[in-house]
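Each remark here refers to the structure printed beneath this line.
The values are calculated or read from the model by the stated rules, or taken from the named source; none is laboratory data. These numbers come from a predicted model, not from an experiment. Cβ atoms come from the backbone with ideal geometry, glycine included; neighbour counts cover every protein chain shown. SASA here: full protein model, heavy atoms, side chains in, ligands and nucleic acids out. Shrake-Rupley method; radii C 1.70, N 1.55, O 1.52, S 1.80 Å.
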Amino acid sequence: MTGNTRPLSNLDPAIAARLKRSVDGLIPAIAQQYDTGEVLMLGWMDDEALHRTLTTGRCTYWSRSRQEYWVKGDTSGHLQHVKSVALDCDADTILVKVDQVGPACHTGTRTCFDADLLPLNR
């Protein structure tokens with residue numbers, strides 16, 4: 001990534017070697033409520049955000065707009081307590097099962113996926 005100001009990561013090299021990142025070094029991370037299966041949101045992680053998520057028990061994402069790390073809930077109080085983290089079969093998407101406290105979406109709704117349902121044209 002040109003002009004990358006992100007720090008070197010402390011992510012386990014064995015995990016880092018498996019990841020398939022986008023050209024900007026990021027991986028989509030889906031947050032899912034651990035006990036209901038409800039899909040809450042999608043964020044972006046790089047190696048360091050994944051390392052922080054795995055070691056702190058709180059979801060850390062990389063903000064593409066602000067170009068900085070953010071821990072879900074630090075400013076809003078709407079925390080994501082990590083229950084498990086898994087890679088998909090291609091190692092290009094992360095699934096984080098969380099216990100969500102409060103809304104997951106920045107708009108104040110429980111999930112980011114309930115406001116704009118698209119019609120099925122079958």
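At a Cβ-Cβ separation cutoff of 4.7 angstrom, cysteine residues of the chain with no neighbouring cysteine are CYS59, CYS89.
Shape call for the range 19-62 from the C-alpha gyration tensor, a ≥ b ≥ c root eigenvalues: rounded (a/c under 1.5), prolate (a/b greater than b/c) or oblate? Please report the intermediate quantities before stating the final value.
Working: a/c = 2.70, a/b = 1.47, b/c = 1.84.
Since a/c reaches 1.5 but b/c is at least a/b, the shape of the range 19-62 is classed as oblate.
Given a 1.4 angstrom probe, what's the average accessible area per residue across the chain, in square angstrom? Let's see the in-between values first.
Numbers: 7370 Å² over 122 residues.
For the chain, the per-residue accessible area is 60 Å².
Less than 5 angstrom separates the built amide H of ALA91 from none of the residues sequence-distant by 5 or more or on a different chain.
Given 4 °C and 1.567 mPa s, how large is the Stokes-Einstein diffusion coefficient of the chain in µm²/s, with Rh as the Kirkwood radius over Cα pairs? All intermediate terms of the calculation are to be shown ahead of the outcome.
Working: Rh = 15.1 Å.
For the chosen part, D equals 86 µm²/s.
Between the Cα long axis of helix 47-56 and the first principal axis of the chain there is an angle of about 70°, rounded to the nearest 10.
With a ≥ b ≥ c taken as the square roots of the eigenvalues of the C-alpha gyration tensor of the range 62-122, please select rounded if a/c is under 1.5 and otherwise prolate if a/b is larger than b/c or oblate if it is not?
Numbers: a/c = 1.56, a/b = 1.16, b/c = 1.35.
It comes out oblate by the Cα gyration axes.
Residues whose amide H lies under 5 Å from that of LYS83, counting only those 5 or more places away or on a different chain, are LYS97, VAL98, ASP99; hydrogens are built 1.01 Å from N in the peptide plane. Using Cα springs under 10 Å in a Gaussian network model of the chain, which residue among ASP12, ASP92, ASP47 shows the largest mean-square fluctuation? Looking only at ASP12, ASP92, ASP47, the largest GNM fluctuation is found for ASP12. Under a Gaussian network description of the chain, with springs only between Cα atoms under 10 Å, the residue in THR75, THR55, THR109 that fluctuates furthest is THR75.
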